[in-house]
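Participant: Mind having a look at this structure? Questions to follow.
The values are calculated or read from the model by the stated rules, or taken from the named source; none is laboratory data. Just so we're clear, the structure is a prediction, and the values are computed from it rather than from any experiment. Note that we place each Cβ from the backbone using ideal geometry, even for glycine, and neighbour counts take in every protein chain shown. When the accessible area is computed, the model is the full protein with side chains, heavy atoms only, and any ligands, DNA or RNA have been set aside. Shrake-Rupley method; radii C 1.70, N 1.55, O 1.52, S 1.80 Å.
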Amino acid sequence: MNNQKLAIHALNQRRTIVEMVHAAASGHPGGSLSATDILAMLYFEVMDITADNVKTIDRDRFVLSKGHASPALYAVLCEKGFLDHDQLVNGFRQIDTDFQGHPNMNEVDGVDMSTGSLGQGLSAAVGMALANKIDHKPYRVYALIGDGESEEGQIWEAAMAAAHYQLDNLCVIVDYNHLQIDGNVDEVIGPSPLDAKFKAFGFHVETVDGHDFDQLRAAFHQARLIKHQPTAIIAKTTKGKGVSFMEDNPSWHGSAPNDEQFEIAMRDLEGNHE
Amino acid sequence: MSKETRTAYGETLAKLVKTNKDIIVLDADLSSATKTNLVKKVEPEQHYNCGIAEGNMMGIAAGLAASGKTVFASTFAMFAAGRAFEQIRNSIAYPKLNVKICATHAGLSVGEDGASHQAVEDIALMRSVPNMQVFVPSDQYATAKVIEYVATTKEPSYVRLGRSKVEDIYGPDSSIDLFKPNILHHGSNHKVLLLSTGLMSAMALEVAKKMDLTMADMICIKPWDALALTQLIQDYDMIVTCEEHSRIGGLYSAICELVCATAPKPVNCVAINDTFGESGKAKDVLNKYGLTQQHIEHVVTYMLDQH
Ligand SMILES: Cc1ncc(C[n+]2csc(CCOP(=O)(O)OP(=O)(O)O)c2C)c(N)n1
Ligand SMILES: [Mg+2]
């Protein structure tokens, strides 16, 4: 798919994210918007996921280890045509709907793992990649973690296991937006240097601009070629990407825009493709 | 008036750190939600952020306590009692170290974040650990009292706090006994006694007034004053317990354990069935999972009809 088309998908996803969080008056826009281009690339180009295979496990799978970014996942599943836009926007985080604040694999087709407790999704992704090896299945497993999330020890337990079992069918993407709830990651606890850490843990490492489709494409391509090693893609991103007043502002980690802010956000995300 | 118990916690702790320099407060990237940021504002050198690493935070807490500090460690109940359970058990409770685990966002009233964040098992988990004191304050005044108390003790404690605002059931001058049942309403009906804890207590109190029942608020779940509780229970035919927790292992279980051993009588509960919660506004979730005043009235009426 060409970059222009990907950009249109990503813009639609961003609009859906803002609509969902605004309608629910609750949710996590910042880390959803930073991950949107990565998800557009994965779901529209890298992964073999279609309406025909979405309900099966015989396809590439994606684990949203940073489960609070559920709007980003729901939005791309919606953009793929797997979910109804209005049901999603009106149902997100509401009682009696499938669209849990943190995604539940038993409620939404295309959600491959239930997540929300940071640090746990990557281990599950390791398990999936291992199962594909055991069963000689060609499918790949992708997991998205947050930079703050990488402070969990379990991330590094999972990394050690992934390298030990030579899971070259596993690709971890770090949404390196430099922010967590209490502020800048380097001020909170300092996970850097992430690239050197993953390398030391036995990963092949690619560092890219997480909003540049060419760089993302090249990194995912490279990951596929690497044998006997898992890959970590360190994607440098901007939290709140695309919405002027949310960009790089930690206070938009987990708060929803009011009506006025919503109007501004939607104008920021208008684009000229319609 | 009403206030979140987590806010009362942060405000009380922010006062204590000014005079008690042995207090160290730890958080795991949730200090604006747990309200330990109020401590950071006034005494930044007594506040340490451990990042998103709750197991490690409990270990650091243990080491600080083993070095003479009085440690308050905060995160959401799910990531304290849940994720860091075994660190709490083996590094804090077993060596009986001076760590106060003040866990916020307990129960279904977390609301929109959904089941992954709604700890409905934490009382059961923490209550089953030897050496651990378990407190579930029901309003801002009870919270302040609990925090002031645990700061003076040397034992490990678990304090369960909530996200949502709760109505006051005490006042600034109320005499609150942390270990005895606090009788907030005396009713003339001696068939059913209401024993409640946490966010349910304000609702149970309303029911007690409406149905002329006796209602007591239980702040300490362990170790409580069993003698005082047994004496109170003696005067009633049946008991209904109320808690924002699974019916397995919380107040209901603790009361059943006591009653079975002393004076068996029917005990029923208003609690969460053996199921996970879901996303929704706190009010909607509490209603769907059976934690409202109407649900309490319903269970009491059922008990009265049955016996
Ligand atoms: C185990 C665990 N601890 C704490 C939280 C609460 N929490 C949700 S998001 C978040 C910050 C995440 O930061 P980061 O991983 O950098 O995510 P992003 O910036 O991409 O949104 C925290 C602490 C959680 N969900 N799980
Ligand atoms: Mg981040």
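Participant: In debye to the nearest 20, how big a dipole does region B:82-122 give about its Cα centre with +1 on each Lys and Arg Cβ and -1 on each Asp and Glu Cβ?
Facilitator: So the magnitude is around 320 debye.
Participant: Here's a follow-up. Treating only the Cβ of Lys, Arg, Asp and Glu as charged (+1, +1, -1, -1), what charge dipole size does the protein assembly as shown show about its Cα centre? Round to the nearest 20 debye.
Facilitator: Approximately 1320 debye in magnitude.
Participant: Something else about it: Once the Cα atoms of helix B:251-262 and of chain B are each reduced to a long axis, what angle between those two axes, in degrees from 0 to 90 to the nearest 10, is obtained?
Facilitator: The answer is roughly 60 degrees.
Participant: Can you report the principal axis dimensions of region A:1-141 using only the alpha carbons, biggest first, rounded to whole angstrom?
Facilitator: Here the Cα extents, ordered largest to smallest, are 44, 35, 25 Å.
Participant: Relative to the first principal axis of the alpha-carbon coordinates of chain B, what is the inclination of helix B:200-211, with its axis defined by its Cα atoms, in degrees from 0 to 90 and to the nearest 10?
Facilitator: 20
Participant: So, one more: So, with +1 on the Cβ of K and R and -1 on the Cβ of D and E, and no other charges, what is the size of the charge dipole of chain B about its Cα centre, to the nearest 20 debye?
Facilitator: 620
Participant: How far apart, in nanometres, would the label points at residue B:19 and residue A:57 be if each is projected 7 angstrom from Cα along the Cα-to-Cβ direction?
Facilitator: For residue B:19 paired with residue A:57, the spin-label model returns 6.0 nm.
Participant: Let me ask you something else. Convex hull over the Cα atoms of chain A, averaged projected area in nm²?
Facilitator: Taking a quarter of the hull surface, the average projection is 13.1 nm².
Participant: How much accessible area is lost when chains B and A come together, counting both sides, with a 1.4 Å probe, in Å² rounded to the nearest 100?
Facilitator: For B against A, buried area totals roughly 2000 Å².
Participant: Put a dot 7 Å past each Cα toward the Cβ at residue B:227 and residue B:210; how far apart are the dots in nm?
Facilitator: 3.8
Participant: May I ask you to derive the relative contact order of chain A, considering only C-alpha pairs under 8 Å and at least 6 residues apart, and to give it as an integer percent?
Facilitator: Relative contact order here is 24 percent.
Participant: Probe radius 1.4 Å, ligands and nucleic acids left out: which of B:102, B:260 has the largest accessible area, and how do the rest follow?
Facilitator: B:260, B:102
Participant: What is the spread of the Cα atoms of the protein assembly as shown along each of their three principal axes, largest first, in whole Å?
Facilitator: Cα spread of the protein assembly as shown along its principal axes, largest to smallest: 77, 53, 50 Å.
Participant: Counting Lys and Arg as +1 and Asp and Glu as -1, what is the net charge of the other residues whose Cβ lies under 13 Å from the Cβ of residue A:112?
Facilitator: 0
Participant: Ignoring ligands, DNA and RNA, please state the percent of accessible area on the protein assembly as shown from carbon and sulfur, probe 1.4 Å.
Facilitator: 50
Participant: Rolling a 1.4 angstrom probe over the protein heavy atoms, how many square angstrom per residue are accessible across region A:94-175?
Facilitator: Here the residues of region A:94-175 average 34 Å² of exposed surface.
Participant: For every helix of n ≥ 4 consecutive DSSP H residues, a contribution of -39,500 (n - 2.57) applies; sum these over chain B, divide by its total residues, and give [θ] at 222 nm rounded to the nearest 500 deg cm²/dmol.
Facilitator: -10500 deg cm²/dmol
Participant: Something else now. Taking only Cα atoms, what is the 0 to 90° angle, nearest 10, from helix B:140-152's long axis to the longest principal axis of chain B?
Facilitator: 50
Participant: So what's the net charge close to residue B:105: Lys and Arg +1, Asp and Glu -1, counting the other residues with Cβ under 9 Å from its Cβ?
Facilitator: +1
Participant: Ok, one more. Say R0 is 30 Å: what FRET efficiency, to the nearest 0.05, do residue B:262 and residue B:302 get from their beta-carbon distance?
Facilitator: 0.80
Participant: Going 7 Å from the Cα of residue A:160 in the Cα-to-Cβ direction, what parts of region B:69-105 have a backbone nitrogen less than 17 Å from that spot?
Facilitator: Zone members listed by number: B:87.
Participant: Need one value for B:277-290: mean number of C-beta atoms belonging to other chains within 10 Å of its residues' C-beta atoms.
Facilitator: Mean number of neighbouring Cβ atoms from other chains: 4.
Participant: Mean 1/r over all different Cα pairs, inverted: what Kirkwood radius does region A:127-274 give, in Å?
Facilitator: Roughly 16.8 Å, rounded to one decimal.
Participant: In terms of the Cα gyration tensor, with a ≥ b ≥ c the square roots of its eigenvalues, is region B:2-166 rounded because a/c is under 1.5, prolate because a/b exceeds b/c, or oblate?
Facilitator: Judged from the Cα gyration tensor, region B:2-166 comes out rounded (a/c under 1.5).
Participant: What average count of beta carbons from other chains do you get within 10 Å of the Cβ of residues in B:108-119?
Facilitator: Partner-chain Cβ atoms within 10 Å, mean over residues of B:108-119: 5.
Participant: Quantify how strongly other chains surround peptide B:46-52 by giving the mean number of their Cβ atoms within 10 Å of each of its Cβ atoms.
Facilitator: Shielding by partners across B:46-52 averages 6.
Participant: Nearest 500 deg cm²/dmol is fine: what mean residue ellipticity at 222 nm does chain A get from its DSSP H runs of n ≥ 4 alone, each adding -39,500 (n - 2.57), divided by its residue count?
Facilitator: -12500 deg cm²/dmol
Participant: Same structure again: Using the Kirkwood formula over every pair of different C-alpha atoms, what hydrodynamic radius in Å results for region A:170-242?
Facilitator: 12.9
Participant: Within the set of other residues whose C-beta is less than 12 Å from the C-beta of residue B:170, count the net charge using Lys and Arg as +1 and Asp and Glu as -1.
Facilitator: That sum, taken over residues with Cβ under 12 Å, equals -4.
Participant: When you have a sec, figure out the Kirkwood radius of region B:182-306 from all distinct Cα pair distances and drop it here in Å to one decimal?
Facilitator: About 14.5 Å for region B:182-306.
Participant: Sticking with this structure for a sec: Can you give the Rg to Rh ratio of chain B, both from alpha-carbon atoms, with Rh computed by the Kirkwood formula?
Facilitator: Value, to two decimals: 0.96.
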